[in-house]
Amino acid sequence: MQVLIVLAAALIATVASNAYYPKPAYPAPAYPSYSKSYDYAAMPYNFAWAVKDDYTYNDYAHQETADDKGYVSGSYRTLLPDGRTQTVTYKADDYSGYIADVKYDGEAKYPTDYKPSAYKPATAYPSSPAYPSSYPAYPAYKPAYKPAYPAPAYPKY
């Protein structure tokens, strides 16, 4: 008997919920399914380049290799302003991510004979034979004009 009461209550609840929340008369929207996948297999590659210009102190390089499984390894190096060479060797894959090992070769060298010069503010006007330092470089501009309209004449009371 109790089972029958529970089933009847469930039936009444279902009917009541459909009465308050009726199903829409229109079908659900059909969005296009994109079945094409743009996940391509990894392509192996290998590249390397380097720049060494003694005049501008540019010295850096980069090389990288990748296989068909998505494993990438490589290194790059650069000459730092303090004279050391920074070399970064790295590897990357889908499992462990990007792992880098940074090394520095050489010893940092800083100039010891650097002495800051005394600060001298620039003069307001340059001095030259044509313009002595007591005169400005350009004469002051004084506009000479006449008013376009006469002054207004206000009535006197």
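The values are calculated or read from the model by the stated rules, or taken from the named source; none is laboratory data. The shown structure was predicted, so the numbers you read here are calculated from the model rather than taken from an experiment. Here the Cβ positions follow ideal geometry from the backbone for every residue, glycine too, while neighbour counts run over all protein chains shown.
Residues in the range 34-64 that are free of Cβ contacts under 8 Å to residues at least 24 places away in the same chain and either surrounded by 14 or more Cβ atoms within 10 Å (Cβ to Cβ) or among the small types (Gly, Ala, Ser) (or both): 35, 37, 48, 50, 60, 61, 62, 63, 64. In this structure, is residue 71 at pLDDT 90 or above, over 22 Å from residue 51 (Cα atoms) and of a type in the set (Ser, Thr, Tyr)? When the stated conditions are applied, residue 71 passes them. The number of residues in the range 94-118 being under 30 Å from residue 69 (Cα atoms) and touching a residue at least 24 places away in the same chain (Cβ under 8 Å) comes to 1. With respect to the conditions (1) farther than 21 Å from residue 109 by Cβ; (2) not small (Gly, Ala, Ser); (3) not in a loop (DSSP other than H, G, I, E, B), residue 43 lacks only one, and its number is (3). Under the condition of being surrounded by 10 or more Cβ atoms within 10 Å (Cβ to Cβ) and touching a Phe, Trp or Tyr at 6+ places or on another chain (Cβ under 9 Å), the residues counted in the range 84-119 number 13.
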